[in-house]
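Read the structure below first, then the notes.
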Amino acid sequence: MGNAFFDLSSAHAEYGRCIDDDRLEQWPDFFTDECLYRVTTARDYREGLEASIMSAWSKGMLRDRVSALRQANIYERQAYRHVIGAPCAINEAGGHIRCESSFIVARIMRDGATDLFATGRYLDVFTRENGALKIAERVVVCDSHRIDTLLAIPL
Amino acid sequence: MGNAFFDLSSAHAEYGRCIDDDRLEQWPDFFTDECLYRVTTARDYREGLEASIMSAWSKGMLRDRVSALRQANIYERQAYRHVIGAPCAINEAGGHIRCESSFIVARIMRDGATDLFATGRYLDVFTRENGALKIAERVVVCDSHRIDTLLAIPL
Amino acid sequence: MGNAFFDLSSAHAEYGRCIDDDRLEQWPDFFTDECLYRVTTARDYREGLEASIMSAWSKGMLRDRVSALRQANIYERQAYRHVIGAPCAINEAGGHIRCESSFIVARIMRDGATDLFATGRYLDVFTRENGALKIAERVVVCDSHRIDTLLAIPL
C-alpha cells in the first residue's frame, strides 16, 4: 500500500505537470490504449446521469482531442495550475488500483489574471504497464456544474 | 517516520474526502471517543485566546453537531473541497503523533459559484486505535478572522 | 526514489510552514551557504530571459532580504498560505536531487480578505548536508506575469 501511495502520488504530479507545462501531446500517454476518460459534474454523477462534458474511450480519441485543441488555438489563451491531493480510498485488486484524489485547478489568463477554475476529484483505475502506472479509467468529477463547456484544456 | 508520513497523509486525505463527499455522519469516527476539536483563528491562537469559533470534547459532541447541521439543512446550500498539504513537524512520542498540515478549502455554492473559503493549518495529535490513526486533538487555525461564523460544515 | 519523495515532500512542507508562520529569520536556513534563489515568471522563463523579480546567490543575501522586509514592516500587512504539490521529475545524480513541484499560495490581508496570490512551480536542486536536505537552487516560476513586484514575503 505504501508503494502504491508513492507511485500514485508521483503519477498524479506528473500528470498535472504535463498539462500545466502545455505538453498536451504527451498527455494521452498517461492512459492505456483502451481507456475511459470522462469529465462530469458532481450533480450528474450523483444522479447516475451518463451525460459528460467530455468523454473518450481510447488513447487515439485523446490524441484527436489534443489535435483539435491545437488547431483551434484556444489553449493559447490560458494556462492551468493543478494541485492534486494525496490519493485515498486506495484499493488494489486483480492488477488494478482504484483510488480517489481531490484537485484544485487555477487558471491563468493571458493578461495574468488568476482564478480558481475548477475543483473536484479524480475517480481512477490505474494499471501497470511495464512497471509504469497507466490510467485505465479516469472520471473527473467537477464540484461545480458551472464549468466552461468549451473546456479548452483537459483536466 | 516515513511510515508516519504515509499514514498521516492518508488520514488527511480520507478526512477531507469524508467531508467533501457529504458523509458527515462518518466524520466523528475520525476522532477518539474523548477528543478535542476546535476551530479558531490565527489571531486568537497567537494571542493565546481560548475563544473558539467551534469546539467539542467528545465524539458524541461531534455527532450532535452533525445532527444539528442536518436538521438545519444548511449544509445543502454548499459543498467543500479540501486540499491538504503534506504533514510536517511530525513528532512521535508516548503513543502520540503530533503534526501540522496546511489546508485550502474551496466552497462551491448551489449555483455553482466557487470561491476560496478558508485557508489555515491543522495542529493535530493522532493516536493509534487497533492499527488505525485517530484524531485525539485537532485545532483548526484559520488564517483569516473573517470566517463565516455559522460555519455550516466542519473544516 | 521512494525515500527522496518522502524527504522532498517533507522539505517542501517545512519550507511553506516556515514562511506561513512568519518565521522568516529561519527561512535562509533551508538553503546552502552558496545557493541560487530566483523568482521569475513563466513567460520570462520560457523565453530564457535572465530578468528576475528577485534573486539571491547566498544565504547572506537571503538574510539581508529578510532584514529589509522586517525594517519595512511591509510583511505585517499580510500572511501567506502555501499548498505545495507532490514533487515530480525527481532526478538524483552526483549528490544532487533535482525536482519540480507545483504550488498555490493564498494571501490573507490584514482585514481578513483572502485571495489566490500566486501559482507556479518550484524548479529545485537539493543537496544533503549532514543528512538534511538543503536547497542549492530554487527557481520560483510564477504562472502569471502580474505578480506584485514588491513581493513582500518570499515565495
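Structure values in brief
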| read-out | value |
| --- | --- |
| The stretch C:85-116, residues that are surrounded by 22 or more Cβ atoms within 10 Å (Cβ to Cβ) and out of contact with any Leu (no Cβ under 9 Å at 6 or more places or on another chain) | C:Gly85, C:Cys88, C:Ser102, C:Ile108 |
| Where B:Gly85 falls short, out of the listed (1) farther than 21 Å from C:Gln78 by Cβ; (2) touching a His at 6+ places or on another chain (Cβ under 8 Å); (3) within 14 Å of another protein chain (Cβ to nearest Cβ); (4) not aliphatic (A, V, I, L, M) | (1) |
| Candidates B:Ile147, B:Ile135, filtered to the one that is in contact (Cβ under 8 Å) with a residue 24 or more places away in the chain, in contact with a helix residue (DSSP H, G or I) (Cβ under 6 Å, 6 or more places away or on another chain) and open to solvent by less than 50 Å² (accessible area, probe 1.4 Å) | B:Ile135 |
| Residue among A:Asp22, A:Asp29 that alone is open to solvent by 30 Å² or more (accessible area, probe 1.4 Å), in contact (Cβ under 8 Å) with a residue 24 or more places away in the chain, within 13 Å of another protein chain (Cβ to nearest Cβ) and not in a strand (DSSP E or B) | A:Asp22 |
| All strands (runs of 3 or more DSSP E) inside the stretch A:93-143 with 3 or more residues being over 12 Å from the mean Cα position of the chain (by Cα) and within 11 Å of chain C (Cβ to nearest Cβ) | A:96-109, A:114-129 |
| Among (1) modelled with pLDDT under 95; (2) part of a strand (DSSP E or B) - the single one B:Trp57 does not satisfy | (1) |
| Any hit, the stretch B:32-50, residues being closer than 17 Å to B:Ile147 by Cβ, within 14 Å of chain A (Cβ to nearest Cβ) and open to solvent by 60 Å² or more (accessible area, probe 1.4 Å) | no |
| Selection status of C:Phe5, surrounded by 21 or more Cβ atoms within 10 Å (Cβ to Cβ), touching a helix residue (DSSP H, G or I) at 6+ places or on another chain (Cβ under 8 Å) and within 14 Å of another protein chain (Cβ to nearest Cβ) | yes |
| Residues of the stretch B:32-54 satisfying the condition of being in a helix (DSSP H, G or I) and either at positive phi or among the hydrophobic types (A, V, I, L, M, F, W, C) (or both) | B:Ala42 |
| Among residues of the stretch B:8-19, those that are open to solvent by 10 Å² or more (accessible area, probe 1.4 Å) and of a type outside the set (S, T, N, Q), counted | 4 |
| Test: A:Asp64 is over 28 Å from B:Phe6 (Cα atoms) and buried (at least 16 other Cβ atoms within 10 Å of the Cβ) | no |
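The values are calculated or read from the model by the stated rules, or taken from the named source; none is laboratory data. What you see is a predicted model, and the numbers here were worked out from it, not measured in a lab. Positions of Cβ are backbone-derived with ideal geometry, glycine not excepted, and every protein chain shown enters the neighbour counts. Only protein heavy atoms, including side chains, enter the accessible area calculation; ligands, DNA and RNA are left aside. Shrake-Rupley method; radii C 1.70, N 1.55, O 1.52, S 1.80 Å.
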